[in-house]
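Read through the structure below, which is laid out as structure tokens, and then see the notes.
The values are calculated or read from the model by the stated rules, or taken from the named source; none is laboratory data. Treat the numbers as computed from the prediction; the structure is a model and nothing was measured. Neighbour counts run over all protein chains shown; Cβ positions are idealised from the backbone, glycine included. Accessible surface is based on the protein model in full, side chains and every heavy atom, while ligands, DNA and RNA are left aside. Shrake-Rupley method; radii C 1.70, N 1.55, O 1.52, S 1.80 Å.
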Amino acid sequence: MEVILTVVFALFGSAIGSFLNVCIDRLPLGKSLLYPPSHCDACQHPLSPKDLIPVFSYLWLRRRCRYCQASIPRRPFWVEVGSGLLFAFIYWHYGLSVEFAVIAFYGSLFIVLGVIDLEHKLILNKIVYPAAAVALIIDVFLPPPGIFDAYLPWLLGIVNGVIGGAIGFVFLAITYLVSLRIYKQEGMGWGDVKMAALIGLVTGPLLVLFTLAMGAILGALVGVILLLLKIKKRKETIPFGPFLSLATMATLLWGSDILNWYLGLL
Ligand SMILES: [Zn+2]
């Protein structure tokens, strides 16, 4: 039974993934999410339901549009696979619970933020601001771990979120201004600073810096590998958002384990 439900949530996640692709395609261009319905970018032919089955249509059609044979981009497929695996994993880890709903929501949000940043080097205010508002509401119901938890009534989970957001914002704002001073170019953007504040709202004061550090280390590692493989040149910047997204997902999934580990070190 558990196995069947895990597969069901994998399919559900990949269906959500195909909606996330619509968001990723259209939000940076300021287009409506609902209209027009999905169509081939090359020939504009509207797609029928059998062209829109997540993951499987792509494999079945062998990366070609059914109508004009133009090749279909790879990213939508990987977003569908990624969100399918993510949803299955969250279900397997948390069962059908409040945590499942919250982490699945944040996972979807950070996939959209990360992939848009990867493709456009943009972190959109129209995603970050509403997401921050939703994160504050979620903080009320599922408080992120904080410093004064034992003394705070549940409603003040919001305090943990706001402190976390402030820490994230201040920390990355300082890093941004210092790097602007030293390198005279924007290694990271002001969008990353706002994203750090959002991450603080989501992860709370105890985990926000850990998450930002993990994102920076991941980004640096990948940057070095891309340099060594000569895929990127030294002057080229790589966007920070995708790594922040991955780090945030890791914190959401394993944050309490990480916290127990490093509080155990004190
Ligand atoms: Zn086509």
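A few points about this structure:
- Test: residue in the stretch 197-206 that is under 23 Å from the mean Cα position of the chain (by Cα) and farther than 23 Å from ALA131 by Cβ: no
- Annotation note: of SER256, SER245, the sole residue that is of a type outside the set (Lys, Arg) and modelled with pLDDT of 95 or more is SER245.
- Residues being surrounded by 14 or more Cβ atoms within 10 Å (Cβ to Cβ), under 30 Å from LEU212 (Cα atoms), among the small types (Gly, Ala, Ser) and at pLDDT 90 or above are represented in the stretch 17-32 by at least one member.
- Members of the stretch 234-250 that are of a type outside the set (S, T, N, Q) and touching a Leu at 6+ places or on another chain (Cβ under 8 Å): ARG234, ILE238, PRO239, GLY241, PRO242, PHE243, LEU244, LEU246, ALA247, MET249
- Only residues that are open to solvent by less than 50 Å² (accessible area, probe 1.4 Å) and assigned to a helix (DSSP H, G or I) were counted in the stretch 167-213, giving 22.
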